[in-house]
Amino acid sequence: MDMSKYKSMFLSEAREHLGNMNQVVLALEKDPGDKGNIDSLFRSAHSVKGMAASMGYDDIAELSHKMEDMMDKFRKEEMSITSEATDILLEGADALGRLVDAVEQDRTSDVDISRIIERIKGYVVEKSEVRSQESEVGANLVFASQAEAITRIAPTDQRPLTTGFNISIEISQDSP
C-alpha cells in the first residue's frame, strides 16, 4: 500500500500532538499533579506512537513509545513529575519535532534517540527504586501492625500457621 498519500495527514496530526505535549509539559511544571494534563500528555504520545508506527517511522515510534511508558508511570502514580522529568519530556518532544521535520523534508534525521531513551530509562529506574523502597517501608509498617493485632486477638496456639488462596479461572470455549 502506498503510504505517501497519508504523509501530510501524519505531519499535520503529529505537529498538533507535539504542540499539545509541549504546552501540557509546561503546564505540569506549574501543577505536576493535574490528572487531566497527565492524561492529555499520555494520549498525545500514544497517538504519535501509533501514527508513526503505522507509517513506518521507527525512530519516532520508538521514542514516543518510551515517553508514553514514562507518562504511564505518572498516570498510575508510580512516579511523580519533577523538574527533571519535565526537562526529559521537553527534550523528547523537541527530538520528535526534529524527526517529524526530517520526514517532511524527506531526509534522514541526525537526532540520536538512544541518548534520550537512556535518560528516560535512567529516570524511570531511579524513581521506581525510590518509590519501591518507600512502599517496602510502608508495607513493613502495615505488616507489623497487623501482626500485632493478630497477637492481641488470638493466642499463639490458636493462630493458623499458613494462609493461602486457591483461584480457579474458567474461560468459556467460545471466548476469543
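Key figures
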quantity	calculated
Qualifying residue in region 112-129 (condition: basic (K, R), more than 30 Å from K76 (Cα to Cα), open to solvent by 90 Å² or more (accessible area, probe 1.4 Å) and at pLDDT below 95)	no
Test result for R107, part of a loop (DSSP other than H, G, I, E, B) and either open to solvent by 80 Å² or more (accessible area, probe 1.4 Å) or modelled with pLDDT under 95 (or both)	yes
Breaking point among (1) open to solvent by 10 Å² or more (accessible area, probe 1.4 Å); (2) under 27 Å from M3 (Cα atoms), for L90	(2)
Tally of residues being open to solvent by 40 Å² or more (accessible area, probe 1.4 Å) and without any contact (Cβ under 8 Å) to a residue 12 or more places away in the chain across region 95-104	1
Any hit, region 17-36, residues being under 17 Å from E104 (Cβ atoms), in contact with a Phe, Trp or Tyr (Cβ under 9 Å, 6 or more places away or on another chain), at pLDDT 95 or above and in a helix (DSSP H, G or I)	no
Residues that are hydroxyl-bearing (S, T, Y) and either open to solvent by 80 Å² or more (accessible area, probe 1.4 Å) or in a helix (DSSP H, G or I) (or both), drawn from region 37-59	S40, S44, S47, S54
Candidate set: region 68-126, residues that are touching an Asp or Glu at 6+ places or on another chain (Cβ under 9 Å) and hydroxyl-bearing (S, T, Y); chosen: the one farthest from K35 (Cα to Cα)	S109
So E62, is it among the acidic types (D, E), in contact (Cβ under 8 Å) with a residue 24 or more places away in the chain and either outside any helix (DSSP H, G or I) or over 20 Å from M21 (Cβ atoms) (or both)	no
Residue within region 66-79 that is at pLDDT 70 or above, open to solvent by 60 Å² or more (accessible area, probe 1.4 Å) and more than 30 Å from F10 (Cα to Cα) present	yes
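The values are calculated or read from the model by the stated rules, or taken from the named source; none is laboratory data. Fair warning: this is a prediction, and the values are worked out from it, not measured in the lab. Glycine also receives a Cβ, built like all others from the backbone with ideal geometry; neighbour counts cover every protein chain displayed. SASA here: full protein model, heavy atoms, side chains in, ligands and nucleic acids out. Shrake-Rupley method; radii C 1.70, N 1.55, O 1.52, S 1.80 Å.
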